[in-house]
Amino acid sequence: MAFRAAVITFPGSNCDRDMAVALEKVLGVPAIRVWHGIADLPDGLDFIALPGGFSYGDYLRSGAMAARSPIMQAVVNAAERGVPVLGVCNGFQVLTEASLLPGALMRNGSQNFICRTVPLTVENNQSLFTSAYETGEVVRIPVAHHDGNFFADDATLDRLEGEGRVAFRYAEPCNGSCRDIAGILNAQGNVLGMMPHPERAIEDVLGSSDGRALFESVVGGLITA
Amino acid sequence: MKVRVLVRLKPGVLDPQGRAVHHALEGLGFSGVEDVRIGRVIEMDLAGGTSNEAIDEMCRKLLANMVIEDYAVEKLGEAEHA
C-alpha cells in the first residue's frame, strides 16, 4: 500500500507546500494536505508533518495557538499510537506547546532572525528519522527562525542526552540553544521536532540535499518494519 | 469581573529581550539599571463567579508556558475600571 503522509496547515503556515513537495519527491506519492480546523485526521496515516511558518502570527507564544487547534488532539492521539510525527521550525514549537516534546523554544539569544544554512551533527542514527545518516555525520541544513533557542531545565536536558533523544545538534553555536540542541525525539522515538528545515534541503539545486535522508529514513523504517 | 494575569519568565531563564532593553537603557545614559526582565500582561473580562480554579487552569493550559514562565493572577477592583 502506498505510503500515506499528511501535512497539517495552520493559518500562517508557510512551509507546508515545501514539506508536501519534499515528501512527494521522496515518497513518489502526493502528501495529503490537512487543514487545522478539522478534528479528525485521514485514516491509516504513516507519517504526519507539522510545517514551518508563523501560525496565528506567533500570537501569545510561537506555536501556542496552533497547539490548541482542533486537529492537534488527533495528532496527539496518533503520536501516542506510534504514528511518526515530524515538526519542523514552527512545527517544533507547536510540538513543545502541545507537550508532545519537552522544553520550549525561546527568542534567539542574539535577538536576530537567523536565516542561513548551518552545519548540524547527527547525534543519534538509531531513530526512525535518522537511520539513513551516520552518527557523528555533519550535514548542512537551512534554519530560518526568530524563536529557535531551545530551553529546558538541566534535569530534562540530562535525560534527553542520556536517553539518546538529541537527534541533531548545531555543530557551531547558532541561536543560544541549551547544549546546542537543534532537534529532539520523544521517549517513544516516533516524534521528532527540529528547528532546521530538512524539506528545504532535498536536492542539490536548493543548495543542499542533506535533508533528504531524513525522509528516506522514515520511508525505509516503515518498509523494513 | 476584571482579572489581570501577569506572565513572567521564571527566575534563571535567560531573557534576551530584557537584556537588549537593559543595554539600550544604558545606551541612553541611564545609570544604575541592574537588570531588566520582560513579561506580559493579560487582562480578561470574566463572568462573575468564575472560579479561581478555572482561572488557574486558563493560565496553566494556555496563557503561560509552565516550562519557562510563572504567572500571577490579580483580581481588579471595580473602582479601577469605573
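The values are calculated or read from the model by the stated rules, or taken from the named source; none is laboratory data. Bear in mind the structure is a predicted one, so any value in this text is a computation, not a measurement. Glycine gets a Cβ as well: all are built from the backbone with ideal geometry, and neighbour counts include every protein chain shown.
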* Looking at (1) farther than 22 Å from A:Val85 by Cβ; (2) surrounded by 19 or more Cβ atoms within 10 Å (Cβ to Cβ), find the lone condition where A:Val138 falls short. => (2)
* Restricting attention to region A:89-126, and to residues there that are hydroxyl-bearing (Ser, Thr, Tyr) and free of Cβ contacts under 8 Å to residues at least 60 places away in the same chain, which single residue is nearest to the other protein chains (Cβ to nearest Cβ)? -> A:Ser99
* To do: Output the number of the condition that A:Leu157 fails; it satisfies all remaining conditions of (1) surrounded by fewer than 22 Cβ atoms within 10 Å (Cβ to Cβ); (2) aliphatic (A, V, I, L, M); (3) outside any helix (DSSP H, G or I).
  => (3)
* To do: Within region B:53-69, work out how many residues are within 11 Å of chain A (Cβ to nearest Cβ) and of a type outside the set (Val, Ile, Thr).
  => 7
* To do: For residues that are part of a loop (DSSP other than H, G, I, E, B) and aromatic (Phe, Trp, Tyr), scanning just region A:1-60, find the one that is farthest from B:Leu62 (Cα to Cα).
  => A:Phe3
* Structure fact -> When A:Leu86 is run through (1) within 13 Å of another protein chain (Cβ to nearest Cβ); (2) modelled with pLDDT of 95 or more, the failure sits at (1)
* Within region A:175-200, tally of residues that are within 14 Å of another protein chain (Cβ to nearest Cβ) and either in contact with a Gly (Cβ under 7 Å, 6 or more places away or on another chain) or part of a loop (DSSP other than H, G, I, E, B) (or both) -> 5
